[in-house]
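Each value in this text was obtained by applying a stated rule to the coordinates, not by laboratory testing. The structure displayed is predicted, hence computed values, not measured ones. Positions of Cβ are generated from backbone atoms using ideal geometry, with glycine treated the same way; all protein chains shown enter the neighbour counts.
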Amino acid sequence: MGNEFEEFRKGYEKAAKYYNLFASNEDIPFYLSFANEFGSPVLDLAAGTGRVSFELARKGFDVFAVENSSAMLAVFREELAKQESSITNRISLHDADMRNFSLGRKFPLIIIPTSFGHALATEEQLALLRCVHDHLADSGIFILDLFPGGRQPEYASFEEPPVDIDGGRTVSRSGIMKSDPLKQILSINLTFTIRDGHTGTVLEEINQKSGAAVVFKREADLLLMLSNLECVEEFGDFSKTPYSSDSGRRILVIRKKE
Ligand SMILES: C[S@@+](CC[C@H](N)C(=O)[O-])C[C@H]1O[C@@H](n2cnc3c(N)ncnc32)[C@H](O)[C@@H]1O
């Protein structure tokens, strides 16, 4: 699917084992509330390490998880191996591409937490939405969580405090984000620094580059139209505040068009 974005494609291979340490879980109650309303099984696209899948399974929902990074899948499988059968029986993990998969069944709820932008080109986004359409039950909903275009600064950097890991070591994460308003791409360069927790000596540094498409409001609306999908409700955050021009997030609740 085109080479233009090749440099961003291996974005999760190098530091998958540290992903959960820095991930925000503010979206979990939001997804649980829709699972309560729409039921199982939930299709979790670009499920990563299973951050959301495991929470859904713990609350009794069956989950099909789709992920295609071997490193993220390895972390997911490691976590699965630690769980009791009551959890593992509810999770079906698929090594598959969210832009081209076929699970042979329909779902009342499909989610794609923080990941739609990894379908970098428009044709990839349409392919992904076609797969969503094919897998969505007629009365089901798809939740599309977007970082709305127009909100990204051209340059931003951040540094997060260190987190303790095993063997008396710490890991900290810093990052540089650059958005290219013409290509509509946000490039994210992350550095994970592993230190001896006592002396502060740097033991390892891992650099990881990923990218996400910046999707503007009208563009998202057009993508849905072209995919025979329609938005029935939209939120500006995970507390279900209505979407407005001040929102940092655009979270769409989507149905199949009649
Ligand atoms: C920001 S992480 C989000 C992981 C998880 N959804 C969460 O919220 O914790 C993005 C994930 O998308 C996955 N991903 C990117 N492109 C993908 C594709 N074409 N098919 C399946 N997964 C993909 C990455 O490997 C990574 O695990």
Quick one: net charge around Gln125, please, counting Lys, Arg +1 and Asp, Glu -1 for every other residue with C-beta under 11 Å from its C-beta.
-1
Over all pairs of distinct alpha carbons, what does the Kirkwood formula give as the hydrodynamic radius of the range 91-206, in Å?
17.5
Hey, which aspartates and glutamates would be in cross-link range of Lys14, C-alpha to C-alpha under 15 Å, not counting anything within fewer than 8 residues on its own chain?
Glu204, Glu205
Between Glu219 and Ala81, what is 0.36 nm times their sequence separation minus the Cα-Cα distance? Round to one decimal in nm.
45.6 nm
In whole Å, what are the extents of the range 155-213 along the principal axes defined by its C-alpha atoms, from largest to smallest?
46, 15, 14
Convert 20 °C to kelvin, take the viscosity as 1.002 mPa s, use the Kirkwood radius over C-alpha pairs of the chain as Rh, and evaluate the Stokes-Einstein diffusion coefficient in µm²/s, rounded to a whole number.
112
Contour minus end-to-end for Ser40 and Glu13, with contour as 0.36 nm per residue of separation and end-to-end as the Cα-Cα distance?
6.7 nm
Within the range 69-146, report the trypsin sites (Lys or Arg not before Pro) that DSSP leaves as loop and that have at most 11 other Cβ atoms within 10 Å.
Arg105
For the pairs Lys59/Lys240; Lys17/Lys183; Lys217/Lys256; Lys183/Lys209, note any where the Cα-Cα span goes beyond 27 Å.
Lys17/Lys183
